[in-house]
Amino acid sequence: MKIGLIGYGKMGKEIEKIAIERGHSIPLIIDAHNPGDLTSENLTNCDAVIEFTMPESAVRNYMACFEAGVPVVSGTTGWLHRQEEVHRKCRETDGTFFYASNFSVGVNLFFELNRKLAQLMADHPEYQVRMTEVHHTQKLDAPSGTAITLAESLLEILPGKKSWKNQAQVAADELSILSERVGEVPGIHTITYESEVDLIEITHSAKNRKGFALGAVLAAEFCLQNKGILSMKDLLKF
């Protein structure tokens, strides 16, 4: 298939490598040097587009893909306050939008493990829950989109938790998320439950960006046979 790339940083280059290894071609690359090339004419040369950019440009990129009738796969975080608008435009144009805060298959298994553990812990209020996440220093958003996805599951399942806050000291009905930005760390997420007598932890630690890139290419391939608003739950059949 022909995959367009919007965003050509470290992730975009890794996606390009994986896509080519899987027999795909890259007819279009858009980055900060050629934003004017994001046209309907150029987009229609692609079977799907993979978008990893910045929150301030992501929604504009999605809209361009919808107008061109090209499926878009995105891993950009920090734009979800406009999710309703994006989904509405996708439906109006009969488009395809595949979004994930994290495309790693391992992370998405971790999402399910997080939900299962939360269900087990829901009847044990003696355990206090908190989260930490560590990423490379170039990651601008905090907490990460992956941490927010994990947190939303916890708020949905755990009684008494109403919101999350990106700080150590929080109210009883808030979930603490601590964010660190260190070196070249691809991503570490830890959920901790602690009582007076013991501590339970689950952690996902990414070794490199390859898992994220592979998942994004798998998502683009999935979009060839599936339409609408899609997620990793659809791809992995959770």
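The values are calculated or read from the model by the stated rules, or taken from the named source; none is laboratory data. Computed from a predicted model, the values in this text were never measured in an experiment. Reconstructed Cβ throughout: ideal geometry from the backbone, glycine too, with neighbour counts over all protein chains shown.
Which residues, counting only those in segment 188-238, are hydroxyl-bearing (Ser, Thr, Tyr), surrounded by 19 or more Cβ atoms within 10 Å (Cβ to Cβ) and under 20 Å from ALA48 (Cβ atoms)?
Within segment 188-238, the subset hydroxyl-bearing (Ser, Thr, Tyr) is 190, 192-193, 195, 203, 205, 231.
Then keep just the ones that are surrounded by 19 or more Cβ atoms within 10 Å (Cβ to Cβ); that gives 193.
Residues satisfying the conditions do not exist here.
Can you report the number of residues in segment 185-221 which are of a type in the set (Asp, Glu) and not in a strand (DSSP E or B)? Walk me through it before giving the result.
Start the filter on segment 185-221 by keeping residues that are of a type in the set (Asp, Glu), which leaves 194, 196, 198, 201, 221.
Within this subset, residues satisfying the condition of being not in a strand (DSSP E or B) are 196, 198, 221.
So the count comes out to 3.
For segment 16-34, check the following and say yes or no: at least one residue is in the same structural domain as GLY215 (by TED's automatic domain parsing), over 22 Å from GLU221 (Cβ atoms) and surrounded by 15 or more Cβ atoms within 10 Å (Cβ to Cβ). Give the derivation first.
Filtering segment 16-34 for residues in the same structural domain as GLY215 (by TED's automatic domain parsing) gives 16-34.
Going one step further and asking which of them are over 22 Å from GLU221 (Cβ atoms), we end up with 31-34.
Narrowing further to those that are surrounded by 15 or more Cβ atoms within 10 Å (Cβ to Cβ): none.
No - not one qualifying residue is present in segment 16-34.
Here is a check on your reading of the model: is THR132 under 27 Å from GLY69 (Cα atoms), over 14 Å from the mean Cα position of the chain (by Cα) and among the hydroxyl-bearing types (Ser, Thr, Tyr)? Can you show your working first?
On the way: under 27 Å from GLY69 (Cα atoms): no; over 14 Å from the mean Cα position of the chain (by Cα): yes; among the hydroxyl-bearing types (Ser, Thr, Tyr): yes.
No, not satisfied.
Name the residue that is farthest from VAL107 (Cα to Cα), counting only residues in segment 144-162 that are outside any helix (DSSP H, G or I), in contact (Cβ under 8 Å) with a residue 24 or more places away in the chain and more than 14 Å from the chain's Cα centre (by Cα). Quick ask: steps written out before the conclusion?
From segment 144-162, those outside any helix (DSSP H, G or I) are 144, 158-162; that's our starting set.
From the residues that got through so far, the ones that are in contact (Cβ under 8 Å) with a residue 24 or more places away in the chain too are 144, 158-161.
Then keep just the ones that are more than 14 Å from the chain's Cα centre (by Cα); that gives 158-161.
Values: LEU158: 21, PRO159: 24, GLY160: 26, LYS161: 23 Å.
Taking the candidates together, the pick is GLY160.
Look at VAL72 and say whether it is over 29 Å from SER205 (Cα atoms) and β-branched (Val, Ile, Thr). So that I can check it myself, show each step before the final result.
Numbers: over 29 Å from SER205 (Cα atoms): no; β-branched (Val, Ile, Thr): yes.
When the stated conditions are applied, VAL72 does not pass them.
Please go through segment 11-45 and give me each residue that is under 24 Å from TRP79 (Cα atoms), of a type outside the set (Gly, Ala, Ser) and in a loop (DSSP other than H, G, I, E, B), ordered by number.
Answer for segment 11-45, where residues must be under 24 Å from TRP79 (Cα atoms), of a type outside the set (Gly, Ala, Ser) and in a loop (DSSP other than H, G, I, E, B): ASP31, HIS33, ASN34, LEU38, THR39.
If you take the residues in segment 184-238 that are among the polar types (S, T, N, Q) and in contact (Cβ under 8 Å) with a residue 40 or more places away in the chain, which one is nearest to CYS46 (Cα to Cα)?
The residue in question is ASN226.
Restricting to segment 171-185, name every residue that is of a type in the set (Val, Ile, Thr) and at pLDDT 95 or above. Give the derivation first.
Taking segment 171-185 as the starting set, the residues that turn out to be of a type in the set (Val, Ile, Thr) are 177, 182, 185.
Correct list: ILE177 only.
Between PHE98, PHE111, which is in the same structural domain as LEU28 (by TED's automatic domain parsing) and either farther than 26 Å from GLY211 by Cα or within 12 Å of the chain's Cα centre (by Cα) (or both)? Write out each step before concluding.
On the way: PHE111 fails: in the same structural domain as LEU28 (by TED's automatic domain parsing).
Step by step, each of PHE98, PHE111 is checked, and only PHE98 is in the same structural domain as LEU28 (by TED's automatic domain parsing) and either farther than 26 Å from GLY211 by Cα or within 12 Å of the chain's Cα centre (by Cα) (or both).
Here are some residues: PHE111, PHE103. Which one is in contact with a Gly (Cβ under 6 Å, 6 or more places away or on another chain) and either of a type in the set (Ser, Thr, Tyr) or within 22 Å of GLY78 (Cα to Cα) (or both)? First the steps, then the outcome.
Working: PHE111 fails: in contact with a Gly (Cβ under 6 Å, 6 or more places away or on another chain).
Step by step, each of PHE111, PHE103 is checked, and only PHE103 is in contact with a Gly (Cβ under 6 Å, 6 or more places away or on another chain) and either of a type in the set (Ser, Thr, Tyr) or within 22 Å of GLY78 (Cα to Cα) (or both).
Among the listed residues ILE148, ILE157, ILE200, identify the single one that is at pLDDT 95 or above, among the β-branched types (Val, Ile, Thr) and touching a strand residue (DSSP E or B) at 6+ places or on another chain (Cβ under 8 Å). It would help to see each step written out before you state the result.
Values: ILE148 fails: at pLDDT 95 or above; ILE157 fails: touching a strand residue (DSSP E or B) at 6+ places or on another chain (Cβ under 8 Å).
Matching residue, one of ILE148, ILE157, ILE200: ILE200.
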